[in-house]
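The values are calculated or read from the model by the stated rules, or taken from the named source; none is laboratory data. These numbers were taken from a predicted model, which means no experiment stands behind them. Glycine gets a Cβ as well: all are built from the backbone with ideal geometry, and neighbour counts include every protein chain shown.
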Amino acid sequence: PLETSAEGWEDGAPPPHRDLESQPCPRMRRAASAARHLLQSVAVVLFCFLPLLPLLLLFFAIIFPPLAIAGSLVSGDDIGLPPAWHRWRRLPLLVRLPFVLFVHLPIGMYWLLGFIVEGFLLKPAALLAYELLARGPPRTTEPCESDVESNEPNSRRPAPASEDGGRYREHDSVWAALEGDGDKVIRGDVRLLSLSWLMGLADQNGVLPRRQELPEEAFLDAARLKRIEAGARRSLDVRRFERVFAAWSKGGGGLSPFLGFMATPLHSRRNADGLLPIVSISYCWLEAAHPDREGRQLQLLCRKLRSLYGGRGLLGACREYGFSDMGVFLDWSSGYQKDPALWRGWMADQALYAKSDGALSEQQAADRRAYEASRTAEQKAAFDRMLSNTMDLWYAHSAITVVLLTQLPDELPAGFDQSRTYDTRGWTTFERCSAELAKSHQLQVAKWKLVIDVADEGGCSQRRLPTTPARMAQLLAGCRFTNGADSSLVLQLYAKTAAAVLGTV
């Protein structure tokens, strides 16, 4: 071996390297570790599982049939399986019992044995074979080229997408939108309605007023929503189960990881799906000054929500999960609005409305001043902050449920433009595409969908590919806005949202 003392090195000269033959090959070290792992697994199978196998199969035979007969092992909501596969569950018990004993039970035992063989013999053997036979450079922890070439300090580099994307996953960002973040959002900029209160208003055939005229009992504040979230029922932590199983599988098996995997059913937690007790409504405004002057959309929305999930309704499904109520984001009542009673028909002409007082008649100028004054300067500032800083959150956040009211009521206001459907409007296009970015398509415990199209009898929404900002620009070009200035705002807001959310998928 070469001398490694630093005393003989010249200034600026690189230190001498050890003879490579004196260093154990990294691949051989990993192969030796894999061989030890395989021997340990074989020992576990020979001295633990084989002696206990009769008892294990007996226990399995006692526990499995009752659960299979009751349908607890496989849910009736199985996705992707034909309904005919589950007709046997509707047969009498005496007919189902032989089917379970002579079909399901042998298959279950075969799966159990295969699980043991695969986890404790095949996986460690495959890992050892890979380390011995695989060719290629050894794995390294060298920094990537972009890191080496970048001379900018970390403080000057742009934040990675994962940091921005966390805003659409973490619950704290939603609480900050309600309580204020000390920077861009002030407490009270947005308020959420109580879904129970909203359903009660629909039962009375009421009309939803703007936020300034709503009673205090109509709202749920952040503190109340946090208590509702904390009240979610306990259930098996399926995601932890999946993480432990993946770690055990990648590690090539072994007793210690296997015991950790088997212990996961003992772990339960509240709110296992990590949801927020919040629902955002995406809907069409039927008039420029009021979305639902006669309450027909509210009736349609609540009737559809009640009919979901076998008559339990969305609120019933949420209560089964443990959420006693849900906060509702609905722009008409969550943000400050102008008084629709002061609206005049001529105001629909945006070019005319934008003119100076001198270009309007005296009556028109007075009407416009009264209409604008129906929302104070502070309330307008709060509304603008809601649009710019939180509007994306209510639809794109992964833990918030979004309801798409894509269907219009049968009776529409006089003069309503029938061509202005849900899919031809700018804001509803933004809301739907934001909701489709990265929400989970199937929840583990909760029995509702995170994107609900009420036009679908099952309460589902067609799963579409995420919309890119370029595609959104094309969609918005064919859409209409009540306020034409909103078009550029919506496109900028969606580009920011899509970049953050899709950057973490």
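What the table shows:
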| quantity | calculated |
| --- | --- |
| In the stretch 405-448, the residues that are in contact with a helix residue (DSSP H, G or I) (Cβ under 8 Å, 6 or more places away or on another chain), part of a loop (DSSP other than H, G, I, E, B), within 30 Å of S235 (Cβ to Cβ) and of a type outside the set (V, I, T) | L437, A438, Q444, A446, K447, W448 |
| Flag if S398 is part of a helix (DSSP H, G or I), out of contact with any Cys (no Cβ under 6 Å at 6 or more places or on another chain) and either surrounded by fewer than 22 Cβ atoms within 10 Å (Cβ to Cβ) or among the β-branched types (V, I, T) (or both) | no |
| A381 vs. criteria among the aliphatic types (A, V, I, L, M), outside the structural domain of V190 (by TED's automatic domain parsing) and surrounded by fewer than 21 Cβ atoms within 10 Å (Cβ to Cβ) | no |
| Output for the stretch 317-338, where each listed residue is touching a strand residue (DSSP E or B) at 6+ places or on another chain (Cβ under 9 Å), over 18 Å from Y283 (Cβ atoms) and part of a loop (DSSP other than H, G, I, E, B) | G322, D325 |
| G310 being at pLDDT below 95, of a type outside the set (D, E, K, R) and buried (at least 16 other Cβ atoms within 10 Å of the Cβ) | no |
| Sole residue being touching a residue at least 40 places away in the same chain (Cβ under 8 Å), in contact with a helix residue (DSSP H, G or I) (Cβ under 8 Å, 6 or more places away or on another chain) and either assigned to a loop (DSSP other than H, G, I, E, B) or outside the structural domain of G415 (by TED's automatic domain parsing) (or both), chosen from L298, L305, L275, L314 | L275 |
| Failed criterion for E372 (all others in (1) surrounded by fewer than 19 Cβ atoms within 10 Å (Cβ to Cβ); (2) in contact (Cβ under 8 Å) with a residue 40 or more places away in the chain; (3) assigned to a helix (DSSP H, G or I) hold) | (2) |
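To keep it simple, each residue is scored yes or no on (1) more than 23 Å from the chain's Cα centre (by Cα); (2) surrounded by fewer than 17 Cβ atoms within 10 Å (Cβ to Cβ); (3) at pLDDT 90 or above.
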{"residue": "S461", "(1), (2), (3)": "no, no, no"}
{"residue": "P466", "(1), (2), (3)": "no, yes, no"}
{"residue": "A473", "(1), (2), (3)": "yes, yes, yes"}
{"residue": "A485", "(1), (2), (3)": "yes, yes, no"}
{"residue": "Q492", "(1), (2), (3)": "no, yes, yes"}
{"residue": "A495", "(1), (2), (3)": "no, yes, yes"}
{"residue": "A500", "(1), (2), (3)": "no, no, yes"}
